[in-house]
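Data first, discussion second: the structure below is written as structure tokens.
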Protein chains: 2
Amino acid sequence: MKDYNAFVEELNVEPFAKESLSGLRFAVKDVLDVKGITASAGNPDWLRTHSPAKSHAPVVQRLLENGATLVGTTITDELMYSLNGENIHYGTPVNPKDHQRIPGGSSSGSAVAVAAKLVDFALGTDTAGSVRIPAAYCGLYGFRPTHNFLSIEGVIPLAPSFDTVGWMTCDTKTLLKVGEVLLQEESSAQAFTRVMVDKDAWALADEESKQALSPVLTTIENCFTQRESIEIADEGLVTWMNAFRTLQGIEVWKSHGEWIETVKPHFGPDIAARFEWASTLKEDESATEQQLKERIQNRLEKLLGDDGLLIIPTVPGKAPLVNMSGEEIEKRRSETIQLSSIAGLAGLPQVTIPVADVEGVPIGLSVIAGPKQDLRLLRWMDQHCDLWEK
Amino acid sequence: MKDYNAFVEELNVEPFAKESLSGLRFAVKDVLDVKGITASAGNPDWLRTHSPAKSHAPVVQRLLENGATLVGTTITDELMYSLNGENIHYGTPVNPKDHQRIPGGSSSGSAVAVAAKLVDFALGTDTAGSVRIPAAYCGLYGFRPTHNFLSIEGVIPLAPSFDTVGWMTCDTKTLLKVGEVLLQEESSAQAFTRVMVDKDAWALADEESKQALSPVLTTIENCFTQRESIEIADEGLVTWMNAFRTLQGIEVWKSHGEWIETVKPHFGPDIAARFEWASTLKEDESATEQQLKERIQNRLEKLLGDDGLLIIPTVPGKAPLVNMSGEEIEKRRSETIQLSSIAGLAGLPQVTIPVADVEGVPIGLSVIAGPKQDLRLLRWMDQHCDLWEK
């Protein structure tokens, strides 16, 4: 593989019409249906035991109808069940910002294709952070929409209650443009008037990241008259993370357990261990986690309304070096999911913004809005980009 | 990939019964249907645009019913349209007899899996020599049956008028055993009584090969009272080869032209050039070649009957070094097809026998019999193996 090892396959699917996305080239994570092609989900056994797609996934179809050219499918972590971006079968896409560091995953190839400027934008999927995290590690804008706001038809599932299709770009204009094509307008208010900063989330960022992010955080806060420092998780973010992982794991095994038991696929060791763990979970013992999820949804919906924004760091720090030890991987995964499970459990839209770097390695600042405020959030970001772009 | 890079995928398909092949492990070229698996034909675009097999190819099914265990699918040259055994997508299987030399193809992975003793036998396909040539280059027994004598259902086609399924082993016993399971008994005569040696074919072997093969050739000839040195090709073997390549090329494009034009697959340069050439051939201009083929079939059927054997060198010399120049590849391909087109055009069974080596690099001696004398040919070989095995 060449070109930063971002692509599984290079394609040239011409757009169906000249529209607002004309001239833009995009790639899709190798879990979205592209007519005539079998998606691999990052695993050769999946590829060989599944059939080519009979049509494009609706989200891909819509981009082609609106003028964008599809130029390839991109590498993903196996069955999307990792946040690192490493793949023992297809290789690890190379983080263009620092070749020694992981690109983040599971939408690793999509992030790398954008960061290496091989495409103008790329689609990924985001269940536990799989768009937001590689976007942050590769220095990109990345967007995860409100859950169920955008069709996930024709997309290999991971955990449907959390699965979303998101996208990544190098600039705010393109991020918004894609949103204007894909997202429905459902918002009412004229402006966001309140900004909130969650203390627990910020406590997860390492010192160098906090220092790097704080000037922009202050600049953004200063745009709002109503500013608040809050603690969203009475139960603690560790409890949120554990609930997220349990609920996700139950659905993961529902989605793929039967295939795994039948085909006995060859997985990388960390992926195999995670599926093994998921297989032990029991849905009828998850009432507490399910109730917590509903409580979080109600609490955050009330808190944000249609005029509030919540700001958190996207990731605890810069991208780790490739070939981390098992312990380091687990520590980072745990901290990362504490941050990403906020929008994950609440089903809220989140945009990550490449506002700073630590010794040249990018980190990301995230803004979360209320449900279905997706387009307004993207417009706010585009209008305020001079706050962080020098 | 490990293990000499023979396998595309390792499997463990248990046999359906305890029978004559119990305890034997086999692999199949990645062009035969294995239930639930998509064959790649050595090309990732093929893999992604085709569906998993709904059932095993009959020949695979029969082996499983007779006690053999299927342990993997093996690398092939792209769309079987090469005799080298090199593959730019999946890598070149390593010839266990000499790592510097090509394994031969297109059943390259099957030959290497057997030669490295990773399996007891392996299935390949043979249109222009794709079982016989890698068997010779890897020092194996290899068998191509009478055309149309063994089902090619569930096998990706190359040129159906020439396509066969064959197999390779390290020993005569296993070669015969597989034949007894797969082949029907249709022969009548009690023994082969006549041996023929074709002068033109022997003229194609290089000096060192002729010297290495000649003691065994003489020993075999001395078993027969009726011995003859003949010239089977009035038209010259070059004319035969050209007719073979034209007729094959016409069918190759019929088999795959539409797919190639639709999918625009990424091929290695030599494969791409060969398909490009095949696309220029015209069936209605091939009457001369078609008539020659029929003449050859009649001539060889009469010549061999059910009691005659024809002996030729399998290949012109030992396996070439990997990464040959384009000119060397073309010269070797031309000489090789002159030899392999004899049984190819006539549709006859041929067994290649690893009787000798040149400085440690194996070469093969071939015995061709009359139509449907397959099982008798394999039994003759097994009974006479002390003539060449020391």
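Restricting the search to the stretch A:29-50, which residues are within 19 Å of residue A:63 (Cα to Cα) and facing another protein chain (nearest Cβ under 8 Å)?
Answer for the stretch A:29-50, where residues must be within 19 Å of residue A:63 (Cα to Cα) and facing another protein chain (nearest Cβ under 8 Å): A:36, A:37.
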Answer yes or no as to whether residue A:82 is within 14 Å of another protein chain (Cβ to nearest Cβ) and either of a type outside the set (Lys, Arg) or out of contact with any helix residue (DSSP H, G or I) (no Cβ under 6 Å at 6 or more places or on another chain) (or both). no
State whether one or more residues within the stretch A:92-111 are crowded, with 22+ Cβ neighbours inside 10 Å, more than 21 Å from residue A:139 (Cβ to Cβ) and more than 11 Å from chain B (Cβ to nearest Cβ). no
Residue identified as of a type in the set (Gly, Ala, Ser) and free of Cβ contacts under 8 Å to residues at least 40 places away in the same chain among B:128, B:203, B:122, B:189: B:203
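Within the stretch B:1-25, restricting attention to residues that are away from chain A (no Cβ under 14 Å) and in a helix (DSSP H, G or I), which residue is farthest from residue B:99 (Cα to Cα)? Give the steps one after another, and end with the answer.
Filtering the stretch B:1-25 down to residues away from chain A (no Cβ under 14 Å) leaves B:4-6, B:15-25.
Applying the additional criterion that residues be in a helix (DSSP H, G or I) yields B:4-5.
Working: B:4: 9, B:5: 12 Å.
Restricting to residues being away from chain A (no Cβ under 14 Å) and in a helix (DSSP H, G or I), the top hit is B:5.
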Please go through the stretch A:166-182 and pick out each residue that is out of contact with any helix residue (DSSP H, G or I) (no Cβ under 7 Å at 6 or more places or on another chain) and of a type in the set (S, T, N, Q). A:174
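I'd like the full set of residues that are over 22 Å from the mean Cα position of the chain (by Cα) and not charged (D, E, K, R), limited to the stretch A:47-56.
Filtering the stretch A:47-56 for residues over 22 Å from the mean Cα position of the chain (by Cα) gives A:47-55.
Those that are over 22 Å from the mean Cα position of the chain (by Cα) and not charged (D, E, K, R): A:47, A:49, A:50, A:51, A:52, A:53, A:55.
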Could you say whether any residue in the stretch A:303-323 is small (Gly, Ala, Ser), touching a helix residue (DSSP H, G or I) at 6+ places or on another chain (Cβ under 8 Å) and free of Cβ contacts under 8 Å to residues at least 60 places away in the same chain? no
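Consider the stretch A:272-329. How many of its residues are charged (D, E, K, R) and buried (at least 16 other Cβ atoms within 10 Å of the Cβ)?
Start the filter on the stretch A:272-329 by keeping residues that are charged (D, E, K, R), which leaves A:274, A:276, A:282-285, A:289, A:293-295, A:299, A:301-302, A:306-307, A:318, A:327-328.
Going one step further and asking which of them are buried (at least 16 other Cβ atoms within 10 Å of the Cβ), we end up with A:274, A:289, A:293, A:306-307, A:318.
Final tally of qualifying residues: 6.
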Can you list residue pairs whose Cβ atoms sit under 7 Å apart, with the first residue in the stretch B:138-151 being under 24 Å from residue B:4 (Cα atoms) and the second being assigned to a loop (DSSP other than H, G, I, E, B) and polar (S, T, N, Q)? Count only pairs 6 or more apart in sequence or on different chains. B:138/B:95
In this structure, does residue B:79 turn out to be modelled with pLDDT of 95 or more, of a type in the set (A, V, I, L, M) and at positive phi? yes
Test: residue B:217 is within 24 Å of residue B:376 (Cα to Cα) and in a helix (DSSP H, G or I): yes
Of the residues in the stretch A:51-79, those that are assigned to a helix (DSSP H, G or I) and either in contact (Cβ under 8 Å) with a residue 60 or more places away in the chain or within 14 Å of another protein chain (Cβ to nearest Cβ) (or both) come to A:58, A:59, A:60, A:62, A:63, A:78, A:79
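The values are calculated or read from the model by the stated rules, or taken from the named source; none is laboratory data. A quick note: this is a predicted structure, and the numbers were derived from the prediction, not measured. So basically every Cβ, Gly included, is an ideal-geometry build from the backbone, and we count neighbours across all protein chains shown.
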